[in-house]
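All remarks here apply to the structure that follows.
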Amino acid sequence: MGGRDRFSARLGRRDFLAATGGAFFVCALGERNFTVRTARDVQRVDAAAASLRRPASARRDRVDSLSFATPAPADGGRRREYWLVARPVRWQVTPRGYDEWHARRVPRVTFRALAYQAWSAGFARPLGPPRIPGPTLEAEVGDVIVVHFRNGAEQLRQALTVHPHGVRYNPEYDGAYLGEFTRAGGFVAPGEEFTYVWEATPDSVGVWPYHDHGPNHTLNTFRGLFGAIVVRERGAARPDREYALFLHNFPPQITGADTVLHCINGRAFAGNTPTLRARVGERVAIHVIGMDSNFHTFHIHGHRWRDSAGALVDCPTVGPNETITAAFTEDNPGRWLYHCHVFSHQDAGMAGWYLVDPR
Amino acid sequence: MGGRDRFSARLGRRDFLAATGGAFFVCALGERNFTVRTARDVQRVDAAAASLRRPASARRDRVDSLSFATPAPADGGRRREYWLVARPVRWQVTPRGYDEWHARRVPRVTFRALAYQAWSAGFARPLGPPRIPGPTLEAEVGDVIVVHFRNGAEQLRQALTVHPHGVRYNPEYDGAYLGEFTRAGGFVAPGEEFTYVWEATPDSVGVWPYHDHGPNHTLNTFRGLFGAIVVRERGAARPDREYALFLHNFPPQITGADTVLHCINGRAFAGNTPTLRARVGERVAIHVIGMDSNFHTFHIHGHRWRDSAGALVDCPTVGPNETITAAFTEDNPGRWLYHCHVFSHQDAGMAGWYLVDPR
Amino acid sequence: MGGRDRFSARLGRRDFLAATGGAFFVCALGERNFTVRTARDVQRVDAAAASLRRPASARRDRVDSLSFATPAPADGGRRREYWLVARPVRWQVTPRGYDEWHARRVPRVTFRALAYQAWSAGFARPLGPPRIPGPTLEAEVGDVIVVHFRNGAEQLRQALTVHPHGVRYNPEYDGAYLGEFTRAGGFVAPGEEFTYVWEATPDSVGVWPYHDHGPNHTLNTFRGLFGAIVVRERGAARPDREYALFLHNFPPQITGADTVLHCINGRAFAGNTPTLRARVGERVAIHVIGMDSNFHTFHIHGHRWRDSAGALVDCPTVGPNETITAAFTEDNPGRWLYHCHVFSHQDAGMAGWYLVDPR
Ligand SMILES: [Cu+2]
Ligand SMILES: [Cu+2]
Ligand SMILES: [Cu+2]
């Protein structure tokens, strides 16, 4: 199992539809709405995306002629600069080849994913290997987040972007391909760079996703182009332990695996997904973000917490690009399973370990 | 692409199941549970609905013998009267034939839908063409909403109704077909009229859907028989801009299109779906209501707001017949995309423009 | 229609995939991830589960060597003891053979389900027939819930467990199969007993599910192994009427029916599902718990209530193993329909009656 060094899985898999129950996803691109059932369909979508030219900046409505100033930090705020490179990475979904929850071997699935990689100032050098999710962007209220972005996936021959949730930005920094209304940050061609400037306003406090929103963003987000933004009140303390978990899937069309793999942060099955740790007495915050077309619920054995309404929960719903936070003071040592409670997701990889040490 | 002047799409489409991934929906009607895969299945469901006779009003339980007074307005309240006619309409799902987000042509899909059309007092004359959704019904606490309803879809040969959410009503005005327990308002035969009287009570404050709940209500709701109810506190000011957006789909079985069209207010793809407007400084309320069997999340670029728990969100979940409201004071001019964040919905039409002028 | 006295439906159904739209579910077990499409697949999963041996208790991490004291009630708290036997039951999904909402006959579907049956102290005698859901476990803050569990499904030849949500427990009483990290309560072999001890802490207040979390828990939960836990503040009064409704489905693979049956508490279609009652003036609490892989919304005609954020709702979302509570003082007499508002669920059985008497 596993792909070669290209972006779509090998073609001609027998009984593919049988294995996936006819599962497919849809990509709107160029002149077509692609129904993506096979690796060949992925190639077609990529070819359509590669043929797109930079759109003109149409002025059909008076709002299209507005111009915008680049925001600066508020009094006392800072510039938080990040250098991100979108690039392909040979990604192991199941590096251990083992599912520790069910005590069984699972296939080692490797494919050509896309990731936002953190680089040092001025794109001097990578800060570690590409990872899924990309680096967490942090700010306090009053700061501006400056993301220097380079589309380093030249082989993909497609425009890419960074689109944030939660923070404030003007249309220049939306990072979204909008057809003829696209502004500069919505179409960063292969090899190009663009600098996004986003404001951490008082109503930006929270944890949010960022993700590709270029012309092929459904496919490229599914490939791994996403990460988290954390905005805190000015001077607010970090929790003692803070984790961001993305619930998503890698479909067979892009991995070449026999089935969809339901993942947490790019990995499937306990022992491959993140193993979280904490100690009794610590303040823990686990941010859970949906990043596919499915709805999920998030459960941690032995734990419960208050949701934003103050209600006690242990298995809340989290939808696509929605965030829920499980925050509590740890009081229950041991080895705990965390998982999405959609049975067909948990059994296809969406589970992991949370290890709690005594005080 | 596109239907003829009948309620189901033309038959015999090649590769229909391939195109829809075997998608189907279920209708419970007459002696059968219909699995609706094709336009012919739609015809079968319609035929079964047309053969239903008005049910007897069975009295199996003591509650079935209760009688109910027609409610009157509370002190200071008013009667808010509406005249609604359910009628067929040749409906354009993609009138522009263009998807402005993805800068591409899309097929012009037209089919025979159903809509609640607003008429003037006494059914004197229509107040404009039939639209999806139907007219928004407004009231303040203490009012009664009086809906004079006529089933004007004689060609459909089926009973129709109006069933409201949120407001208070006694069983006579439930507007739901309940088999042998159906009361008058639950079976309005073709050509018949019925007057519903609903109370706007203090716990009715909010925005709610109304929809067909007759014997064939799954199919006829999917065809477009739905609208919004807005109940405000007495004397409460309207927001400066207020929109109601229904997230729903038109399945290929009723449109004859090759694929499902994921719609907002009966239209698919930006430029066809509602283009919303506001000005900086205005108080904006966008009410989003699920009206199909799917779950959705609702995202507006460049914006965030507080949910009913006070939490900052920009992409909350909205389920079937659930309402969420995005309410904020506008502060961010420009052209913004709004969309469901389920990737397979947004790429199949569930997106639109929100244009914000500077102060 | 209907099964024989075995746990999977009879094989060789024609057009099974046609009838279910290729529906399937996934079970992770032994060396495989089973895609369960047919009754034969169910047999394969059961065979794999029957071949599992009790796992060793691996110590890979320091937390695996922790030992735990059995909790005792807090000052003033009590031991709430229950005796539960998991056992097969020939279960009627549609005992009336009739759907009262749609006034039509429906097939009588009977199959070999699994249920938690309540027994008297010391497993002396059963307290009534096995039911789906199992008995409701009640406690107040400060109590411990003691569940004496017997795996009485010897014919199934599989380990079973009881895993609770909401309450506090140490890893010994998690009731979850965790592969090599399984502790005693996570693998109760056929004929064996295990006693779980769970704490009702201040942050356990609410209504929660319990369910099987043994090695084959997806399949065995789908078969009916679930129930409710209610934790109240010390001395808190019960509502006048309190109901727990589980929204779930029985797939054709285990029932032998032609289609999936969307159920409430093990029954499908109004007249078979629970008929709830109340009287005007009574305080009513209806707890709704998701227990399958689907998301649902819950609607009661003629009623609305405040959610945990204080917002007025009449159709909230409820996800897998999530709980929502519809609580209100009854003020609206008559016969009311309650149902999930996912159209394809309500039309396939997920609806029932709520009968309200006048004061
Ligand atoms: Cu999930
Ligand atoms: Cu959607
Ligand atoms: Cu449902």
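Miscellaneous remarks
- Selection status of A:Leu276, away from ligand 2 (no atom under 16 Å from the Cβ), touching a residue at least 60 places away in the same chain (Cβ under 8 Å), within 18 Å of A:Val93 (Cα to Cα) and buried (at least 24 other Cβ atoms within 10 Å of the Cβ): no
- Filtered residue count, region B:204-244, keeping only those that are farther than 21 Å from B:Val85 by Cβ, among the hydroxyl-bearing types (Ser, Thr, Tyr) and not in a strand (DSSP E or B): 2
- Every condition in (1) modelled with pLDDT of 90 or more; (2) more than 20 Å from the chain's Cα centre (by Cα); (3) surrounded by fewer than 16 Cβ atoms within 10 Å (Cβ to Cβ) holds for A:Asp64 except the one numbered (3).
- Of the strands (runs of 3 or more DSSP E) lying entirely inside region A:261-359, those carrying at least 1 residues that are within 14 Å of chain B (Cβ to nearest Cβ) are A:283-290, A:296-300, A:323-329.
- Condition check for C:Pro133: touching a Phe, Trp or Tyr at 6+ places or on another chain (Cβ under 8 Å) and part of a strand (DSSP E or B): no
- If you filter region C:38-95 down to residues that are part of a loop (DSSP other than H, G, I, E, B) and hydroxyl-bearing (Ser, Thr, Tyr), you find that the one that is farthest from the other protein chains (Cβ to nearest Cβ) is C:Thr70.
- Among the candidates A:Arg108, A:Arg80, residue that is buried (at least 17 other Cβ atoms within 10 Å of the Cβ) and either at pLDDT below 95 or of a type in the set (Lys, Arg) (or both): A:Arg80
- Only one of the numbered conditions (1) free of Cβ contacts under 8 Å to residues at least 40 places away in the same chain; (2) of a type outside the set (D, E, K, R); (3) within 14 Å of ligand 1 (Cβ to nearest atom) is not met by A:Gly352, and that is (1).
- Residue selection: C:Gly319 satisfies the criterion of being within 16 Å of ligand 2 (Cβ to nearest atom), buried (at least 24 other Cβ atoms within 10 Å of the Cβ), closer than 23 Å to C:His213 by Cβ and at pLDDT 95 or above.
- Among the criteria (1) surrounded by fewer than 21 Cβ atoms within 10 Å (Cβ to Cβ); (2) within 12 Å of chain B (Cβ to nearest Cβ), the one A:Glu192 does not fulfil is (2).
- Criterion: under 17 Å from A:Asp174 (Cβ atoms), among the hydrophobic types (A, V, I, L, M, F, W, C) and either without any contact (Cβ under 8 Å) to a residue 60 or more places away in the chain or within 16 Å of ligand 2 (Cβ to nearest atom) (or both) - qualifying residue of B:Ile300, B:Ile324: B:Ile300
The values are calculated or read from the model by the stated rules, or taken from the named source; none is laboratory data. None of the values given here were measured: they were computed from a predicted structure. Every residue, glycine as well, gets a Cβ built from its backbone with ideal geometry; the counts of neighbours run over all protein chains shown.
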